[in-house]
Structures are given as C-alpha cells and as structure tokens.
Amino acid sequence: MMPSSMLPAQGDDLDSCILRFPDLDLKDTNLVSPSSSLRAELDANMRKKYAHAKKKAFALLVKTKEIPEPTSCSSSLCKGVWWTCCQQVFKDQIGIHRHTAAQHAGDVYHQTSSVLKQLAAEAGTPKPCVSADKPNGLNGPSTSNHQVSVDFPDTSRFKLDELMSAQDSNQGVVLLYYCYCDVEDPEWLCAWQKALCQHLHLTGKVRIATEGINGTVGGSRLATDLYMEAMLSHPLFKNILCKEDFKTSKGGAYCFPGLRVGVYEEIVPMGINPNVISYKKPGIHLSPGEFHKEVENYLYQGNQEQNDTILLDCRNFYESKIGRFQKCLAPDIRKFSYFPSYVDKNLKLFKDKRVLMYCTGGIRCERGSAYLKAKGVCKEVYQLKGGIHKYLEEFPDGFYRGKLFVFDERYALSYNNDIVSDSSFCGKQWAQPLPF
C-alpha cells in the first residue's frame, strides 16, 4: 500500500499547487530530508506547507514520466498519455502513482526541496487573480477595486469582534456549497471572491472555473450569514442558488489555515475536460427524503445479489472507511480523478442497474453521474441532492452510519454514535480519520 502522504490530495492537481509562504526559512540547504526528526521540529503551519510542496513535487515527478498514448486507443475519453518508468509502462494514474511512491521516495524528497525554494522565492511577488484593465464579463468593462467591492455587504454597523471568529471557538460556522453555471470571466469572479472573504474575515478554499464555483469557508455566524447574502444577491447566482444549497456545520475560521481562492479547469477535479463530460447532463436528483425511501427499499430486499439497484459511494476510500450508507459499494480510490477509471473497469457491474450515488455535499455526484450516464450501461442513475450533509440534517439516525469526513482541520463530523471502522494497527474500533 502506498503512503497516503505521497499522493496529491483531492483538489491538489499540478496546476493548482500555487503556494506562497514568505515565513519559511530556506537558508539551510538540508532543510528537506527524509528524516523524521526534521518534520517533528516543524510547527503545524510549516508541516502543512511542507506537505503541499511534496504533493507538487510528486506531481512534477510523475509528469516527467509521461509518454504519448499509442494511437490504437479509439475512446473519445482517452487522455492521450501513458507513463513509463524503470522499464515498465503504466496505462493509468493509479499504477504510476503507486510505483513512484514505492520506488522513488528519495527522488520525491529531492524534488520537494527544489519546490520549496522556488515557491519561497516567488512569494515576494504574488500574482493577482486578475489585472485591473482586464475586461469584466460580469459587472462591466473594468475590474477596479471599486467595482470588485460594489456588491459587498455593509459591515460598518458591526463591531470587529462580531465579524471575526475566535480561533479556538466552535461558535462559528463552516459553509459548504457549489454552483454549476456558465462563468464568462472566472478571473474577475476570483478577485471578487477573494476580496469578499477578506472583507468578512473568512478563511477556507474556493475553486472557480468557467463551469461554476465550489467553496467551503469558515468564520463567525454573522460573517457567514453576510457571505450567503452576498452570494444569493449576486447577479450571477441569484436565479440559481438558494439558501438551501448551503450546507452548514459548527466550526469557524480556525478550521482552515488561511484563504485560498483560485481559477481552475474544473471546480471539482475529476480529470476530464468539462466540455467532454458536462455538468449539464447529470443523474436524476433525489431529495434526502426520496433518497431515504430508495435506500430503505434497497436494504429490505432479501437477495442483494439479485437486486437491480447499486448504492454507490463516489468518495475516496478514507472517507467511506469512517462513515457510509449501509451495504453500499465503496470504491477503493484515493482521489476523485480515479473515479472514471474505476467505472471503466467495472462496467459489467453497472450494466442494467439502477444506481443511487452519493457524496459529501453533492458536487462530485454532478459530474460523476454524468460520466456514468455517458457510458450507456445503467438502467438509470440517481444522485442525493445536497449530499450526506443534507441527508444527515433530516435523518441523523437514518441509514448513514459513522462519521462524515470533511476536508478541513476538523477531519470528521459526528451525527450518531456508530463506529464503523477499525484501526489498521491494532484491529480495534477506531473512528478518527488520518489527516490527509
């Protein structure tokens, strides 16, 4: 089994690894080494920066192994890339990632040192999301500071401590949301989002693309309420987003190390161009109540092998390991970009089946269901609207058992007392996820 820390995590593709940290001292050329004593001396913030640099180093190393895929591949979804290393040929990312992690750990550490120094050197000249003279497809011809802030909520009537969430307080809120829509000027939207979050003292991660926006932000209850109001009133989202599209949980600004807002090709990294597999052709959305009834019918059918329904968890293995719907099919995948390969290798499993898909907040199911539908083998594909988050709001003691993995410093949320996973070391029940 490959070390999980050697692989790029969800959302950390090669193009998205743009890290800037002027506070990391790199004068010592031996700073990055495989020794555990070094990493133990770094504080939490430095370890996080080190981990991100190592993910980028891993991706860079894998990229050097690319070779053109033979022209014999006729599939329209082929990416046109294989990999070669150590006199072996790898046809999928899983294979080359496992090989690199197992055989080239030393090369990854060496590359990490170079990445850290390069990124630290660039830290003094950060690039803005958009230049001031770039045409603005959302709010007019210019993206000046005045126009970027024109849709900001008025915070003058509030005290600063009302807006800011205490770093050690759990009285704040974490918002999770996404919106698929056509974005003409993602760079302008990026600038607006970054300025809006800073205005409200929010931390978190926001991904923007021509296909929409995907965000999770944390802050005080007041700040997150104002953020929702700004999003719901914005011309781009006001006829698409509604308040129910925001998933909320206890937390705050402390749940994230900072604020990251960027423009990407996809708002959730499946690894396939949105023009090839579009969010506009998803599965049938089921409300939490409708999904609950479907799962109930599925569970109470006697012979599961003869059942024409598959309950499919399209999250990563470390998410489903600590919490999942009963009797679901949980793929052993490390990243969502592995999901298409999993589907391709298991088409017979899905042939003539009704598929009930679910994920954390619903976003992965949007294009995941579109990909599965495009294969033309399923009887029908359904997806849980709002994901596990919305389901647990209505059915905390329903058919989902265990914890809900989240991609922030909390790692997991509890809605019931069930423990469905065991420790890999001692075999005893264990519900605390590893910090990927």
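The values are calculated or read from the model by the stated rules, or taken from the named source; none is laboratory data. Owing to the predicted nature of the structure, the values given are computational and were not obtained by experimental measurement. Cβ atoms come from the backbone with ideal geometry, glycine included; neighbour counts cover every protein chain shown. In case anyone asks, the SASA skips ligands and DNA or RNA and just uses the protein heavy atoms, side chains included. Shrake-Rupley method; radii C 1.70, N 1.55, O 1.52, S 1.80 Å.
Under a 1.4 Å probe, what is the accessible area of the stretch 160-263 per residue, stated in Å²?
On the way: 4090 Å² over 104 residues.
I get 39 Å² per residue for this part.
In the stretch 191-317, carbon and sulfur make up what percent of the accessible area (probe 1.4 Å)?
On the way: 2520 of 5240 Å².
Ligands and nucleic acids excluded, carbon and sulfur give 48 percent.
Please list Trp192, Trp83 in order of solvent-accessible area, largest first, computed with a 1.4 Å probe with all protein chains present. Could you put the intermediate results ahead of the total?
Values: Trp192 0, Trp83 20 Å².
Sorted descending by solvent-accessible area, the residues read Trp83, Trp192.
Could you tell me which of the pairs Lys117/Lys247; Lys243/Lys327; Lys293/Lys348; Lys243/Lys293; Lys250/Lys351; Lys55/Lys385 are separated by over 30 angstrom between their Cα atoms in the structure shown?
Flagged as over cut-off: Lys117/Lys247; Lys243/Lys327; Lys250/Lys351; Lys55/Lys385.
Rg(Cα) of the stretch 284-413 divided by 2.2 N^0.38 Å? Each step should come with its number before you reach the end.
Values: Rg = 13.7 Å, N = 130, 2.2 N^0.38 = 14.0 Å.
Ratio of Rg to 2.2 N^0.38 Å for the stretch 284-413: 0.98.
How do 350-360, 278-288 rank on mean C-beta neighbours within 10 Å, highest first?
On the way: 350-360: 20.5, 278-288: 16.9.
Listed from highest to lowest mean packing, they are 350-360, 278-288.
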